[in-house]
Amino acid sequence: MSKNEEGFVLKQLPTSIKDGGSGSGPDEGVEAKPMTRDEVVLARYGKRQQFKRNFRIISIVGLTSTLMITWEGILIVFSGGFKNGGPTGLVGGFLLSWFGNIAQVLVMAELGSMIPLSGGAYNWVAILAPRSIHKFLSYITGWITFIAWQACTASGVLLCGTMVQGLVVLNKPDFEAKAWQATLMFYAVIAMVLFINTYLARLLPSIEVVFLVIHCLGFFGVLIPLVYLGQGNNDTAGVFQTFFNGGLWSTNGLSFFVGSVSTMFAFVGVDGATHMAEEIQHADTVIPASMIITVLMNGGLGFAMLIATLYVIGDADAALSTPTGYPIMAIFTQAVGSKSGGLALSAVITVVMFFAAIGFLPTASRMLWAFAREKGFPFSSYVARVDSRWGLPLWAIGVTAFINLLLALINIGSTVAFNAFTGLSVAAFYTSFSIAALCMLHKRLTTPHSDIRWGPFKLGRFGVPVTIIAVLYSAIGTFFSFWPPDANPTVETMNWSCVIFVGVLFFAVVHWFAFARHTYKGPIMEVRLD
């Protein structure tokens, strides 16, 4: 039954946001055209439909799977977990991250089903937090989520650029890779991603389906030759009973948790579906389904690839010191016994990393657009615009691209400082999730079950224990994401993510007291259902 048959009338309320043609409606209430189920859900939270809902379950699974790229990601960030943990630590860290992320996804699936808005965590906090603190808490959550997606986009695009450099070094060992070259590659990748997300935006759902197929076929394209041709000599004891404490930490336990941040990074991005919520058909059911499918599928593929890689490792020291900057390229070359084979397998991962970059930009820009819609970001009246001809938040897309172009300049001055974005992504994602999850836990414990507006997917009696497990895991991940890889770091090896994290939050607080506390109200009511 359509919601229109239930007698809903949509009244559009005045708003000050100008959006180039999709802006505020008349002051007087007018009856809307027949409303879809998704439009009714939006209207319940005061929001009007501004985008075409072109994404369905397969295309959004394609987006979230290639945002997460777990089997590729664990190989790309292999060195951090191998240095602090070795083969055994990598296996344990992967399982910890996988099961911790399953708990996180179950909580986010329930929240995304209840409140399918593009703001994600900050919208959840604004609606579920106690009224006395919901404004400031949701505002801070919005900024933390903004940090997460900008850092994730920047690190993903740079990884793509530096992997291209690595392929060149692998093919021509006398080539000397420079930081400025990586930054230029970053700019080239951003330019291509920007083109696809604007001129080809209407094709993005279909493109993501193709990416999903390549993501899965690429897994077998790498795994089969790796296992069949693998020339490593690791046995079961070498994989499951060999631990390295390369950071010289006081205990192996500390070394394990520091190294586990690498495997946690291989799982970030699954909540991308929530930020595309207003472009997904039947969002309240598709969002939870896509996140659960993604974390189970990507976790399984990632674990299989990790085990296979650990068994075929040859000279680990040579791999870790490879001039390509990516140990997996050396591991591939050693395993298949030829440079051309190593190049081919490494190229597969590089291509899929580019696919991930294509997904990072729309997800980060939709989150920024949603936050600006609530006037939580500077110059919100511009950033929140939706172009009527393109049907896209062009300002938010442009601002996201511009921010990343600026961030890429950090790499010229210090590659170590830029690499801090890996830990920063984990810390910001986990912090924003924890705030939202704790608000949901408080709501669940203090409000009668019948008084909560549940979505189609709910955890029921498992909600409390699953949320507690997810929050505890997130606290561990956040804490260790700020730690350096070595017990006695130098300026060059220090993890500067904490400085960036605190710096952005300081700016957010200043902006709050100077401007946002007067304009940010939480969800702005654009429409009302009668």
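The values are calculated or read from the model by the stated rules, or taken from the named source; none is laboratory data. Note that this is a predicted model, so its numbers are computed, not measured. Positions of Cβ are backbone-derived with ideal geometry, glycine not excepted, and every protein chain shown enters the neighbour counts. The area values use the complete protein model at the heavy-atom level, side chains included, leaving out ligands, DNA and RNA. Shrake-Rupley method; radii C 1.70, N 1.55, O 1.52, S 1.80 Å.
Here the spin labels are modelled as points 7 Å beyond Cα on the Cα-Cβ line, and at F479 and D174 they lie 5.2 nm apart. Take the alpha-carbon centre of region 397-447, take the same for region 148-171, and report the distance between them in whole Å. Their Cα centres are 18 Å away from one another. Proximity of backbone amide H atoms, modeled 1.01 Å from N, is registered between L392 and D387 at under 5 Å, excluding neighbours fewer than 5 places apart on the same chain.
Placing a pseudo-label 7 Å from each Cα along the Cα-to-Cβ vector at L229 and Y199 gives an inter-label distance of 3.6 nm. Stokes-Einstein diffusion for region 215-283 at 25 °C, viscosity 0.890 mPa s, with a Kirkwood radius from C-alpha pairs, works out to 150 µm²/s.
For T183, the accessible area of its heavy atoms, probed at 1.4 Å with every protein chain present, is near 0 square angstrom. With θ taken as phi - 60° and the Karplus curve 6.51 cos²θ - 1.76 cosθ + 1.60 applied, the whole-hertz 3J(HN,Hα) list for region 403-411 is 4, 5, 5, 5, 4, 5, 5, 4, 4 Hz, x standing for glycine and proline. By the compact-protein rule of thumb, 2.2 N^0.38 Å, the alpha-carbon radius of gyration of region 322-378 corresponds to a ratio of 1.83.
Between A304 and R517, the C-beta separation translates, for a Förster distance of 56 Å, into a calculated FRET efficiency of about 0.65. Calculation over all alpha carbon pairs of region 359-398 in 5 angstrom steps from 0 returns a P(r) of 6, 30, 34, 22, 7, 0 percent. Summing +1 for each Lys or Arg and -1 for each Asp or Glu, what net charge is found among the other residues whose Cβ lies under 11 Å from the Cβ of Y139? Residues near Y139 contribute +3 overall. At an R0 of 35 angstrom, the distance between the Cβ atoms of S338 and F402 translates into a FRET efficiency of 0.25.
When the helices of the chain are scored as -39500 (n - 2.57) per DSSP H run of n ≥ 4 and the total is divided over every residue, the value at 222 nm lands at -21500 deg cm²/dmol. Which residues in region 246-285 place their backbone N less than 17 Å from a point set 7 Å from the Cα of T490 along the Cα-to-Cβ direction? 247-248, by backbone N distance to the label point.
Cα-based radius of gyration for region 35-135, normalised by 2.2 N^0.38 Å, reads 1.45.
Shape of region 369-515 from the C-alpha gyration tensor: oblate (a/c of 1.5 or more and a/b not above b/c, with a ≥ b ≥ c the square roots of its eigenvalues).
For region 408-467, the convex hull drawn through the C-alpha positions has a volume of 112 cubic angstrom per residue.
Computed from backbone phi, the HN-Hα couplings of region 431-438 come to 5, 5, 4, 4, 4, 5, 5, 5 Hz, rounded to whole numbers (Karplus: 6.51 cos²θ - 1.76 cosθ + 1.60, θ = phi - 60°; Gly and Pro given as x). Out of region 406-514, which trypsin sites (Lys or Arg not before Pro) are coil in DSSP terms and have no more than 12 other C-beta atoms within 10 Å? Passing sites in region 406-514 are R453.
For region 146-275, the equivalent ellipsoid built from the Cα gyration tensor has semi-axes of 31, 21, 20 Å, listed from largest to smallest. Calculate I(q)/I(0) for the chain by the Debye formula, one identical point scatterer on each C-alpha and no solvent, and give its log10 at q = 0.07, 0.09, 0.11 Å⁻¹ to two decimals. Values returned for q = 0.07, 0.09, 0.11 Å⁻¹ are -0.37, -0.62, -0.92. From the P(r) of region 293-445, can you give the percent of Cα pairs sitting at distances over 27 Å? For region 293-445, the fraction of Cα-Cα distances above 27 Å is 47 percent.
One equal scatterer on each Cα of region 245-363, no solvent, Debye formula: the resulting log10 I(q)/I(0) at q = 0.13 Å⁻¹ is -0.73. Computed from backbone phi with θ = phi - 60° and the Karplus coefficients 6.51, -1.76 and 1.60, the 3J(HN,Hα) list for region 187-203 is 4, 5, 5, 4, 4, 5, 5, 5, 4, 5, 8, 10, 5, 10, 4, 5, 8 Hz; x is used for glycine and proline. Extending 7 Å from the Cα toward the beta-carbon at both L409 and S321 defines two label points whose distance is 3.7 nm. Dimensions of region 87-134 along the principal axes, based on C-alpha atoms and rounded to the nearest Å, stand at 47, 22, 14, largest first.
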